[in-house]
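Q: First, the structure itself, so that you have it in front of you.
The values are calculated or read from the model by the stated rules, or taken from the named source; none is laboratory data. Worth saying up front: this structure is predicted, and the values here are computed from it rather than measured. Virtual Cβ from ideal backbone geometry, glycine too; neighbours counted across all protein chains shown.
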Amino acid sequence: MHRHTTFRQLEIFESIARLGSFTRAAEELYLTQPTVSMQMKKLADNIGVPLIEQIGKKIHLTLDGQQLAQATREILNILNHYTMSVAERQGLKQGQLRLMAITTASYFAPRLLGEFAKLYPGIDVSLRVTNKEQVLASIADNLDDLYFLGQPPEDIDVVATPIMDNPIIVLAAPDHPLANKKKIPLERIARETWLMREKGSGTRNAIERIFSGHGLNIHPRLELGSNEAIKQAILAGLGISALSRHALTLNAADQFAVLDVVGFPILRHWYAVYPAGRQLSVVARAFLDYLLGREDAVPAVTGKREK
């Protein structure tokens, strides 16, 4: 590393590498975009090799840039952990907490983070909500402190701690003919017109497993990319679906009919996940302990994976 390379330059570079954008990095660090661009030019000149290349409107890290990004994250993690350890010894709870969650977790994650932030107002908290693929990519690159997922990844070595029940229920419009029926057989519900999340969704996988386990197949009329779109389609009379009960958090109690179907609800969990090789910061450990200490938390089984 060249002796003229500054810590601030590395911090800016890590933000660009993580966010994939000069503009978003500038916003995150409260800098102007020309300042960010100038500091990155100085960094590349100091290192002596190109770190970032622009293809069309997208930026990509070169191989040297990828290696520097990984080294920079390790440096920042070490310094962040040291800073919070000092704060802990001083009896304080300060530092950063960076969380990432799949879209469905947006129904409860902001509330949990808000409750924790009130307990420890000195902590700088952030939450990114995105799709499953981006969350898995972030876990693989070790970018955030903790991740909220409905199903731990199979091909990444992680510590997955169940923090909350995540029951999957069958939803229909309030005037659906099956709305008041009891113990509806799977064979009967399989004949209904279904609305489903995209392939690869953890909720969809759980639904398909319970039907295929009874030799049944369901053929969705529509595949939709969000729970909100599915809920609107249900109310429009386009079919029924099965979603996490948490998806009803902001809806009135009588807005949907929860069908009484044999085999439902499917009992699943929400997990707090982090890479197995990562040492949790003092703040991240405090947040995980807070999650496990809440009344609606499930008994912790660290490392458990649901198949």
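Q: Counting just the residues of region 127-158 that are polar (S, T, N, Q) and closer than 19 Å to Gln279 by Cα, which one comes out modelled with the lowest pLDDT? Give the derivation first.
A: Taking region 127-158 as the starting set, the residues that turn out to be polar (S, T, N, Q) are 130-131, 134, 138, 142, 151.
Now drop any that are not closer than 19 Å to Gln279 by Cα, which leaves 138, 142.
On the way: Ser138: 87, Asn142: 80.
Restricting to residues being polar (S, T, N, Q) and closer than 19 Å to Gln279 by Cα, the top hit is Asn142.
Q: In addition: I want to confirm something. Restricting to region 129-182 and keeping residues that are part of a strand (DSSP E or B) and free of Cβ contacts under 8 Å to residues at least 40 places away in the same chain, which single residue is farthest from Leu288 (Cα to Cα)? Walk me through it before giving the result.
A: Restricting attention to region 129-182, the residues satisfying the condition of being part of a strand (DSSP E or B) are 129-130, 146-149, 158-165, 168-172.
Filter once more, keeping what is free of Cβ contacts under 8 Å to residues at least 40 places away in the same chain: 129-130.
Working: Val129: 18, Thr130: 21 Å.
Out of the qualifying residues, it is Thr130.
Residue by residue, here is whether (1) within 26 Å of Leu136 (Cβ to Cβ); (2) surrounded by 18 or more Cβ atoms within 10 Å (Cβ to Cβ); (3) modelled with pLDDT under 85 holds:
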site: Lys199; (1), (2), (3): yes, no, yes
site: Arg209; (1), (2), (3): yes, no, no
site: Gly225; (1), (2), (3): yes, no, yes
site: Ile234; (1), (2), (3): no, yes, no
site: Ser244; (1), (2), (3): yes, yes, no
site: Asn251; (1), (2), (3): no, no, yes
site: Phe287; (1), (2), (3): yes, yes, no
site: Tyr290; (1), (2), (3): yes, no, no
site: Ala300; (1), (2), (3): yes, no, yes
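Q: With under 23 Å from Ser126 (Cβ atoms), touching a residue at least 60 places away in the same chain (Cβ under 8 Å) and hydroxyl-bearing (Ser, Thr, Tyr) as the only criterion, which of Thr83, Thr72, Thr23, Thr35 stands out? Before you say what the answer is, go through the steps one by one.
A: Details: Thr83 fails: touching a residue at least 60 places away in the same chain (Cβ under 8 Å); Thr23 fails: touching a residue at least 60 places away in the same chain (Cβ under 8 Å); Thr35 fails: touching a residue at least 60 places away in the same chain (Cβ under 8 Å).
Residue meeting the stated conditions: Thr72.
Q: Based on what the data block shows, is Asn46 touching a residue at least 12 places away in the same chain (Cβ under 8 Å) and farther than 30 Å from Arg285 by Cβ? Please lay out each step first, then the result.
A: Numbers: touching a residue at least 12 places away in the same chain (Cβ under 8 Å): yes; farther than 30 Å from Arg285 by Cβ: yes.
In short, yes.
Q: I need the helices (runs of 4 or more DSSP H) fully contained in region 1-75, keeping only those with at least 3 residues that are modelled with pLDDT under 90 and closer than 17 Å to Ser138 by Cα.
A: Numbers: elements: 7-19, 22-29, 33-47.
By residue number, no helices (runs of 4 or more DSSP H) qualify.
For (1) buried (at least 17 other Cβ atoms within 10 Å of the Cβ); (2) more than 23 Å from Leu146 (Cβ to Cβ); (3) not assigned by TED's automatic domain parsing to the domain that holds Leu250, each residue gets a yes or a no:
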| position | (1), (2), (3) |
| --- | --- |
| Met40 | yes, yes, yes |
| Asp45 | no, yes, yes |
| Gly48 | no, yes, yes |
| Asp64 | no, yes, yes |
| Asn80 | yes, no, yes |
| Val86 | no, no, yes |
| Arg98 | yes, no, yes |
| Phe108 | yes, no, yes |
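Q: If you don't mind, there's one more thing I want to ask. Return only the number of the condition from (1) closer than 19 Å to Leu280 by Cα; (2) touching a strand residue (DSSP E or B) at 6+ places or on another chain (Cβ under 9 Å) that Gln70 does not satisfy.
A: (2)
Q: Sticking with this structure for a sec: Considering only residues of region 188-241 that are more than 23 Å from Gln255 (Cβ to Cβ) and polar (S, T, N, Q), which is nearest to the chain's Cα centre (by Cα)?
A: Only one residue fits best here, namely Asn205.
Q: If you don't mind, another one. I'm told Thr203 meets every condition in (1) touching a strand residue (DSSP E or B) at 6+ places or on another chain (Cβ under 8 Å); (2) in the same structural domain as Gln279 (by TED's automatic domain parsing); (3) not basic (Lys, Arg) except one. Can you identify the failing condition by its number?
A: Unmet condition: (2).
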